[in-house]
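Encoded as structure tokens, the structure appears first; notes follow it.
The values are calculated or read from the model by the stated rules, or taken from the named source; none is laboratory data. All values reported here derive from a predicted model rather than from experimental measurement. Glycine also receives a Cβ, built like all others from the backbone with ideal geometry; neighbour counts cover every protein chain displayed.
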Amino acid sequence: MKKLVSLGMILVLLLAFAGCGGEDAKGGSGAVDTAGDGGASQENSTAEASEDNFEWDGNTIIALTDAGAKESSLVIPERCEGFNGMIFADKENSVTPVSFESDKDVSLNGVFGSAPNLTSVTLPAELTAIGDLEFQLCTSLKEITIPAGVESVGAYAFQDCSALETVTFAGDTASIMPHAFERCAALSTVTLPDTVALIDEYAFYQCTALTEITLPASLKNVGAFAFANSGLETLHVPGAMTLEGYADTSFTQADHEVAVYVEEGSWADQNFDSVFSGAFAKNYSN
């Protein structure tokens with residue numbers, strides 16, 4: 001009988017020990033689960049497309065919902081074919097970056113206009129048009145890439161985007177319309193593609209941080225005050241550039257001299273005094 005009791009006690013102890021081991025194992029498993037939760041949290045910190053963040057008219061987005069307005073970042077769902085109005089200006093919101101789930105072309109229709117909170121907008125790669133007033137008064141926007149298929153940057157498109165520092169053209173844009181980047185006071189980096197044939201009036205007027213730029217080789221027309229009263233200090237003119245239309249105020253600066261680099265014997269060299277009237281110093285490119 002004593003042996004049976006002893007065996008029973010030993011069995012109870014063994015079961016208790018096994019139970020502790022199971023808790024330890026569960027604890028170890030819990031540590032893995034915690035890491036997994038962390039991964040999920042990190043994944044959730046990246047915005048995902050949700051149609052519930054928007055009000056719809058068919059496949060057109062017409063407004064932000066209350067849920068969408070509370071998001072810190074938004075992804076425009078693939079369903080979207082266009083917008084109706086300035087949805088980020090029409091409703092108080094916390095959205096700073098915006099991107100698109102799909103690369104397909106959409107009609108922007110001024111959707112980002114007067115949206116002071118937006119810091120970043122990644123446009124669809126297949127976008128074909130940036131129309132008038134599209135980003136006007138986006139005062140926190142810091143950079144923008146113009147997709148390769150965009151032929152024209154519309155009038156007033158980025159006017160008064162006072163924090164905009166960098167504009168990148170990804171492809172074959174042909175025209176920059178009037179006042180497109182007017183008073184973008186922080187704009188310091190712009191590389192214009194050689195396909196640009198028109199830079200219209202006041203396009204870069206009072207871009208005071210823009211100190212150096214190279215004109216496109218295909219440039220044919222420059223409007224009045226296109227680069228006037230900017231921070232322009234150095235201007236590079238390709239030998240192949242031949243202007244058909246320009247104003248004597250296209251490049252004029254109110255308070256400083258501009259060093260202009262041209263190729264000897266080029267059209268710009270031969271017509272220098274009529275194009276660059278005022279405080280411009282001609283230099284020959286190496």
Residues of the stretch 55-99 being surrounded by 16 or more Cβ atoms within 10 Å (Cβ to Cβ) and touching a Cys at 6+ places or on another chain (Cβ under 8 Å), in sequence order, are THR60, ILE61
Filter the stretch 105-127 for residues that are touching a Pro at 6+ places or on another chain (Cβ under 8 Å) and hydroxyl-bearing (Ser, Thr, Tyr); the one that is nearest to ASP160 (Cα to Cα) is THR119
For the stretch 41-88 the number of residues that are of a type in the set (A, V, I, L, M) and either modelled with pLDDT under 95 or assigned to a loop (DSSP other than H, G, I, E, B) (or both) is 3
Please verify whether the stretch 109-118 includes one or more residues that are under 22 Å from ALA224 (Cα atoms) and small (Gly, Ala, Ser).
no
Within the stretch 146-170, the residues that are crowded, with 16+ Cβ neighbours inside 10 Å, out of contact with any Asp or Glu (no Cβ under 9 Å at 6 or more places or on another chain) and closer than 22 Å to THR195 by Cα are ILE146, SER152, PHE169
Of the listed residues (VAL262, VAL237, VAL222, VAL275), the one being closer than 23 Å to PRO178 by Cα, crowded, with 18+ Cβ neighbours inside 10 Å and either among the basic types (Lys, Arg) or more than 30 Å from the chain's Cα centre (by Cα) (or both) is VAL275
Residue check for LYS91: more than 15 Å from the chain's Cα centre (by Cα), of a type in the set (D, E, K, R) and modelled with pLDDT of 95 or more = no
For the stretch 89-109, the count of residues that are closer than 21 Å to GLU48 by Cβ, of a type in the set (S, T, N, Q) and in a loop (DSSP other than H, G, I, E, B) equals 4
Taking the stretch 94-127 and the residues there that are of a type in the set (Gly, Ala, Ser) and within 14 Å of the chain's Cα centre (by Cα), the one that is farthest from SER73 (Cα to Cα) would be ALA125
